[in-house]
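Here's the structure we're looking at; comments come further down.
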Amino acid sequence: PDDPRPPVSSTGLRLAVARELLLAALEELSQEQLKRFRHKLRDVGPDRRSIPWGRLERADAVDLAEQLAQFYGPEPALEVARKTLKRADARDVAAQLKEQRLRRLGLGSTALLSVSEYKKKYREHVLQLHARVKERNARSVKITKRFTKLLIAPESAAPEEEALGPAEEPEPGRARRSDTHTFNRLFRGDEDGRRPLTVVLQGPAGIGKTMAAKKILYDWAAGKLYQGQVDFAFFMPCGELLERPGTRSLADLILDQCPDRGAPVPQMLAQPQRLLFILDGADELPALEGPEAAPCTDPFEAASGARVLGGLLSKALLPTALLLVTTRAAAPGRLQGRLCSPQCAEVRGFSDKDKKKYFYKFFQDERRAERAYRFVKENETLFALCFVPFVCWIVCTVLRQQLELGRDLSRTSKTTTSVYLLFIASVLSSAPVADGPRVQGDLRNLCRLAREGVLGRRAQFAEKQLEQLELRGSKVQTLFLSKKELPGVLETEVTYQFIDQSFQEFLAALSYLLEDEGVPRAAAGGVGTLLRGDAQPHSHLVLTTRFLFGLLSAERMRDIERHFGCVVSERVKQEALRWVQGQGQGCPGVAPEATEGTKGLEDPEEPEEEEEGEEPNYPLELLYCLYETQEDAFVRQALCRLPELALQGVRFCRMDMAVLSYCVRCCPAGQALRLISCRLVAAQEKKKKSLGKRLQASLGGSSSSRGTTKQLPASLLHPLFQTMTDPLCRLTSLTLSHCKVPDAVCRDLSEALRAAPALTELGLLHNRLSEAGLRMLSEGLAWPQCRVQTVRVQLPSSQQGLQYLVGMLRQSPALTTLDLSGCQLPAPMVTYLCAVLQHQGCGLQTLRLTSVELSEPSLQELQAVKRAKPDLVIAHPVLDGHPESATKELVSTF
């Protein structure tokens with residue numbers, strides 16, 4: 001039981017208590033231990049004086065307690081005795097003495113010294129514990145030798161909203177490679193000196209977030225990171241901690257990571273600003289409800305793992321501690337409400353240079369590494385996929401096996417799904433013929449285990465579960481599962497988890513293709529269960545659903561049938577097709593048309609950007625699923641029920657654009673695409689102005705912009721616009737709404753307008769366009785081969801560049817309808833417009849000026865045009881004889 005007496009304060013009393021505690025400890029020793037204690041006490045260390053041997057040689061327990069207290073003083077005597085007891089192999093007595101001292105004397109300067117000394121011990125423990133990592137359940141390798149630097153881009157590198165012009169085109173910014181300098185910058189203060197307390201590392205599955213987090217922990221222990229800032233750093237694997245039964249306090253979780261149970265945890269927690277917690281996989285934290293919803297605020301309170309981790313995440317627990325959080329790229333929106341002023345950074349994977357380094361580290365044989373790397377680099381698609389470290393590991397593993405057998409990769413892979421399936425195929429093909437059926441059966445059972453885990457949000461599996469599926473000790477278990485030993489109450493608990501979470505999700509998807517036709521779908525948890533679950537916001541099933549679609553292509557299904565010796569039912573494919581087609585109505589994330597005009601009028605100067613906390617864009621996720629199939633006919637059939645693709649608030653990356661471009665190429669006739677409030681420059685591109693560009697902008701004006709057009713780099717949307725020129729592309733309508741449209745995007749769109757075979761309608765609504773951008777777009781619309789018939793333009797303010805758009809009417813071969821509703825047309829612009837409308841080369845049939853405010857002279861000019869060209873329809877409330885409707889039209893346009 002705890003000693004009820006309060007800590008003593010007076011010097012005399014502290015000395016008396018110290019004698020009492022010393023005597024109690026020494027009386028616990030046997031004669032042999034007491035003798036050893038006396039001998040060890042002769043040399044307490046180079047920094048302390050020692051009691052002369054003459055006083056110690058014949059001293060009993062009472063004499064020793066007195067000598068220690070008088071010679072060193074109360075607290076130092078207890079500290080010397082504790083250390084000497086440990087050196088005398090009386091560790092239990094030393095621990096008891098330490099505990100009693102804390103109870104009776106409280107926290108003193110010697111306790112702080114103890115924490116300081118424990119830092120060294122803890123760092124050594126971390127270095128030893130994390131010096132080696134398991135290479136995807138293969139041999140153990142040194143982290144310093146296997147870790148390959150990743151690209152990490154801070155979110156703050158995103159471009160700011162500024163006025164556009166040729167001098168301000170974004171130049172590709174460079175993400176920093178994950179060296180010590182980059183890791184140190186993560187918690188660097190801003191220009192005001194404020195240091196972030198929470199840093200979020202986000203990125204897709206398999207990109208290397210966990211390895212980067214472990215390398216940060218290792219480098220801290222090695223003295224390379226956060227020196228003078230962090231005394232103790234703790235690695236918290238969220239998925240593993242969430243699955244532990246029972247309740248534990250934060251203090252318990254810290255103690256579990258220490259080398260012994262004597263760690264000064266209370267003293268560590270007394271200085272939370274000196275602690276760093278690494279929460280790995282925070283996207284696995286569930287949303288808490290009911291009594292569990294309140295986060296934990298006391299580090300000594302025993303609570304569920306979700307409450308403790310949630311308390312750290314929300315800063316309700318140890319608000320001044322540093323947090324490093326890793327999460328999948330789609331999850332920050334879900335975590336945003338729980339994070340406190342986070343600074344985000346994106347883990348981008350390997351650069352091309354680092355891919356090569358990884359190959360050489362993996363093979364450790366220069367000749368084989370060079371051969372494998374050369375092969376992959378020649379396969380452009382496969383090489384691109386290797387930016388993801390886990391995919392790179394799979395490719396290297398398969399290649400090593402092929403090279404050892406004297407073979408080469410026989411088929412290319414365009415998607416992550418096909419690379420993962422390639423790895424499964426290599427496992428099956430490497431098995432002896434006699435073992436083939438057994439390995440196939442084991443893989444089926446493993447897929448079933450993966451599916452149960454994914455649907456139940458479980459990543460840890462007990463030995464009993466493996467035994468029930470006859471997987472324990474099998475080749476499949478060795479290859480795909482990692483063994484983990486967790487400290488239990490009575491004995492060590494052994495659990496298993498997949499070598500990577502993304503691989504569990506892949507195998508879960510594969511399980512649906514391996515279902516026997518005769519198994520009732522409800523009992524088997526059919527594919528409908530997965531797809532219905534994925535339709536929910538923030539679903540943890542997103543990646544599994546993507547993998548499922550990737551496995552549904554005819555080629556992948558043939559591969560599965562060949563490798564598993566089974567017939568894959570078309571039922572799953574048809575069910576997935578119906579699911580996509582059913583998303584045509586009420587898709588989350590699709591903005592209604594009515595909001596466009598209203599939002600633009602409320603704030604015409606600033607196109608809305610996606611908020612940090614918004615949900616993942618659901619329509620874009622559908623396109624990712626279709627992209628994984630790489631089956632044009634299936635994609636076209638799926639999009640037939642989705643006549644309009646509307647993407648809102650997307651901060652496009654290059655992979656997003658590759659996905660969108662592929663789906664647009666496959667779209668059926670009559671397809672429309674709307675991009676609303678999207679960011680059309682790469683998320684991490686920095687904007688820089690060279691001196692030459694600044695001079696061009698200030699001296700050359702609009703005339704110089706013509707000369708700089710050819711120098712613009714390809715825009716982020718370049719792949720999409722190139723796709724629109726494909727003879728097979730049937731996209732008929734493109735609308736950019738409430739976007740900031742850089743000149744490079746205008747240039748690339750202008751090129752596409754000249755050759756797009758099916759595009760007949762273009763909408764530019766409440767975008768920010770430079771004069772040079774409008775000029776380039778007008779040139780594309782005036783091109784002889786341009787097929788655009790309808791152009792809708794709404795500009796947030798009066799822009800001189802509108803003259804180019806009006807002038808284009810004299811040359812545009814196909815344009816029949818121009819809608820300038822919502823634009824500001826000054827009198828000189830109206831005069832110019834009327835002159836162009838009467839030009840013999842103008843074939844315009846309809847001009848819409850709804851909600852455009854016009855002066856009386858301008859109205860008279862337009863009426864004169866109507867009299868001269870009676871077939872030309874000019875829609876305006878006053879000209880139509882309905883002036884009272886002008887105000888209503890102002891808020892209902894589009």
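Would you check if Ala434 is closer than 22 Å to Leu548 by Cβ and of a type in the set (Gly, Ala, Ser)? Don't jump to the end; show me each part of the working.
On the way: closer than 22 Å to Leu548 by Cβ: no; of a type in the set (Gly, Ala, Ser): yes.
No, not satisfied.
Could you list, in sequence order, the residues of region 836-860 that are out of contact with any strand residue (DSSP E or B) (no Cβ under 9 Å at 6 or more places or on another chain), open to solvent by less than 60 Å² (accessible area, probe 1.4 Å) and either closer than 21 Å to Arg810 by Cα or hydrophobic (A, V, I, L, M, F, W, C) (or both)?
Matches in region 836-860: Val836, Gly841, Cys842, Gly843, Val852, Leu854, Ser858, Leu859.
Restricting to region 861-891, and then to whatever is of a type in the set (Asp, Glu) and open to solvent by less than 70 Å² (accessible area, probe 1.4 Å), can you tell me which residue is modelled with the lowest pLDDT?
Kept after step one, since they are of a type in the set (Asp, Glu), are these residues of region 861-891: 861, 871, 880, 884, 889.
Next cut, open to solvent by less than 70 Å² (accessible area, probe 1.4 Å) only: 861, 889.
Values: Glu861: 94, Glu889: 40.
Taking the candidates together, the pick is Glu889.
Assess whether Pro520 counts as being farther than 26 Å from Pro437 by Cβ and modelled with pLDDT under 85. Don't jump to the end; show me each part of the working.
Details: farther than 26 Å from Pro437 by Cβ: no; modelled with pLDDT under 85: yes.
So Pro520 fails the test.
So, in region 372-407, how many residues would count as being assigned to a helix (DSSP H, G or I), under 17 Å from Val427 (Cα atoms) and among the basic types (Lys, Arg)?
Kept after step one, since they are assigned to a helix (DSSP H, G or I), are these residues of region 372-407: 372-378, 380-385, 389-404.
Remaining after also requiring under 17 Å from Val427 (Cα atoms): 390-404.
Of the ones still in play, those that are also among the basic types (Lys, Arg) are 400.
Counting residues in region 372-407 that are assigned to a helix (DSSP H, G or I), under 17 Å from Val427 (Cα atoms) and among the basic types (Lys, Arg) gives 1.
What about Gly780, is it open to solvent by less than 30 Å² (accessible area, probe 1.4 Å), out of contact with any Lys or Arg (no Cβ under 7 Å at 6 or more places or on another chain), among the small types (Gly, Ala, Ser) and closer than 27 Å to Pro757 by Cβ? Full working, then the answer.
Details: open to solvent by less than 30 Å² (accessible area, probe 1.4 Å): yes; out of contact with any Lys or Arg (no Cβ under 7 Å at 6 or more places or on another chain): no; among the small types (Gly, Ala, Ser): yes; closer than 27 Å to Pro757 by Cβ: yes.
Against the criterion (open to solvent by less than 30 Å² (accessible area, probe 1.4 Å), out of contact with any Lys or Arg (no Cβ under 7 Å at 6 or more places or on another chain), among the small types (Gly, Ala, Ser) and closer than 27 Å to Pro757 by Cβ), Gly780 does not qualify.
Look through Leu728, Leu769, Leu734 and report the one residue that is touching a residue at least 60 places away in the same chain (Cβ under 8 Å) and open to solvent by 20 Å² or more (accessible area, probe 1.4 Å). Can you show your working first?
Working: Leu769 fails: open to solvent by 20 Å² or more (accessible area, probe 1.4 Å); Leu734 fails: open to solvent by 20 Å² or more (accessible area, probe 1.4 Å).
That would be Leu728, the only listed residue that is touching a residue at least 60 places away in the same chain (Cβ under 8 Å) and open to solvent by 20 Å² or more (accessible area, probe 1.4 Å).
So how many residues does region 307-342 have that are at pLDDT 90 or above, among the aliphatic types (A, V, I, L, M) and open to solvent by 10 Å² or more (accessible area, probe 1.4 Å)?
So the answer is 2.
Looking for whichever is more than 19 Å from Leu753 (Cβ to Cβ) and free of Cβ contacts under 8 Å to residues at least 24 places away in the same chain here; the options are Gln838, Gln863, Gln800. Which one fits?
Details: Gln838 fails: free of Cβ contacts under 8 Å to residues at least 24 places away in the same chain; Gln800 fails: free of Cβ contacts under 8 Å to residues at least 24 places away in the same chain.
That would be Gln863, the only listed residue that is more than 19 Å from Leu753 (Cβ to Cβ) and free of Cβ contacts under 8 Å to residues at least 24 places away in the same chain.
Scan region 446-489 residue by residue and report those that are open to solvent by 10 Å² or more (accessible area, probe 1.4 Å), among the aliphatic types (A, V, I, L, M), under 29 Å from Ser429 (Cβ atoms) and touching a strand residue (DSSP E or B) at 6+ places or on another chain (Cβ under 9 Å).
Ala459
Leu759 fails exactly one of the following numbered conditions: (1) outside any helix (DSSP H, G or I); (2) at pLDDT 90 or above; (3) open to solvent by 10 Å² or more (accessible area, probe 1.4 Å). What is the number of that condition?
The one condition Leu759 does not meet is (3).
Could you tell me whether region 378-388 includes any residue that is out of contact with any Cys (no Cβ under 6 Å at 6 or more places or on another chain) and within 30 Å of Asn184 (Cβ to Cβ)? Spell out the reasoning first.
Taking region 378-388 first, the residues out of contact with any Cys (no Cβ under 6 Å at 6 or more places or on another chain) are 378-385, 387-388.
Retained after the next criterion (residues that are within 30 Å of Asn184 (Cβ to Cβ)): 387-388.
Yes, region 378-388 contains a residue that is out of contact with any Cys (no Cβ under 6 Å at 6 or more places or on another chain) and within 30 Å of Asn184 (Cβ to Cβ).
Does Gln267 qualify as being open to solvent by 20 Å² or more (accessible area, probe 1.4 Å), assigned to a helix (DSSP H, G or I) and in contact (Cβ under 8 Å) with a residue 24 or more places away in the chain?
Numbers: open to solvent by 20 Å² or more (accessible area, probe 1.4 Å): no; assigned to a helix (DSSP H, G or I): yes; in contact (Cβ under 8 Å) with a residue 24 or more places away in the chain: yes.
For Gln267, the condition - open to solvent by 20 Å² or more (accessible area, probe 1.4 Å), assigned to a helix (DSSP H, G or I) and in contact (Cβ under 8 Å) with a residue 24 or more places away in the chain - is not met.
Quick one: which residue in Arg132, Arg136 is touching a helix residue (DSSP H, G or I) at 6+ places or on another chain (Cβ under 7 Å), modelled with pLDDT of 70 or more, open to solvent by 40 Å² or more (accessible area, probe 1.4 Å) and assigned by the TED database to the domain that holds Leu276? Let's see the steps before the verdict.
On the way: Arg136 fails: modelled with pLDDT of 70 or more.
When all the criteria are applied, what remains is Arg132.
Just to be sure, is Leu862 aliphatic (A, V, I, L, M), farther than 25 Å from Thr760 by Cα and touching a His at 6+ places or on another chain (Cβ under 9 Å)?
yes
Working carefully through the options Arg58, Arg49, find the one that is more than 18 Å from Leu102 (Cβ to Cβ) and either open to solvent by less than 50 Å² (accessible area, probe 1.4 Å) or at pLDDT below 85 (or both). Step through it out loud before you land on a result.
Numbers: Arg58 fails: either open to solvent by less than 50 Å² (accessible area, probe 1.4 Å) or at pLDDT below 85 (or both).
When all the criteria are applied, what remains is Arg49.
The values are calculated or read from the model by the stated rules, or taken from the named source; none is laboratory data. Computed from a predicted model, the values in this text were never measured in an experiment. All Cβ positions, glycine included, derive from the backbone under ideal geometry; neighbour counts span all protein chains shown. These area figures cover heavy atoms from the full protein model, side chains too; ligands, DNA and RNA do not enter into them. Shrake-Rupley method; radii C 1.70, N 1.55, O 1.52, S 1.80 Å.
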